[in-house]
1. Would you mention how many residues in segment 8-34 are assigned to a strand (DSSP E or B), aromatic (Phe, Trp, Tyr) and without any contact (Cβ under 8 Å) to a residue 60 or more places away in the chain?
2. With the requirement that a residue be over 11 Å from Arg11 (Cβ atoms) and not in a helix (DSSP H, G or I), what does segment 35-46 give you?
3. Taking the options Gly57, Gly67, name whichever one is touching a strand residue (DSSP E or B) at 6+ places or on another chain (Cβ under 9 Å) and at pLDDT 90 or above.
4. Restricting to segment 14-34, give me the number of residues that are surrounded by 15 or more Cβ atoms within 10 Å (Cβ to Cβ) and either out of contact with any helix residue (DSSP H, G or I) (no Cβ under 9 Å at 6 or more places or on another chain) or over 20 Å from Glu65 (Cβ atoms) (or both).
Amino acid sequence: MSKPALSPWIRLRWRLPEAGLFGHAVEGHWLWEPDTPAVRAAFQAAVEAGNRAHGAGTHWVEQEEIGNAPAPW
């Protein structure tokens, strides 16, 4: 049995220091999406907007090599 082909998937991540309850950092992410030019452009625009609004390095794109079918969760 062969292994499924791996393809890049990306998601938008963010960490906002001192934004949550009691001044704790808030971390979050968008769901994994296939790394297509349209998705990457949308995420990059969100990174740029988020970093302008909340500070450099608060938003970024994370990439993983995942089999062609997304995880069921």
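1. Qualifying residue count, segment 8-34: 1.
2. Once the filter is applied, which keeps residues that are over 11 Å from Arg11 (Cβ atoms) and not in a helix (DSSP H, G or I), segment 35-46 yields only Thr36.
3. Gly57
4. Qualifying residue count for the region: 4.
Rundown of residues vs (1) of a type in the set (Ser, Thr, Tyr); (2) over 11 Å from the mean Cα position of the chain (by Cα); (3) surrounded by 11 or more Cβ atoms within 10 Å (Cβ to Cβ), yes/no style:
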residue: Leu6; (1), (2), (3): no, yes, yes
residue: Arg11; (1), (2), (3): no, no, yes
residue: Ala38; (1), (2), (3): no, yes, no
residue: Glu48; (1), (2), (3): no, yes, yes
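The values are calculated or read from the model by the stated rules, or taken from the named source; none is laboratory data. Note that the structure is predicted; figures quoted are calculated from it, not measured. Quick reminder, even Gly has a Cβ in these numbers, built from the backbone with ideal geometry, and neighbours come from all protein chains shown.
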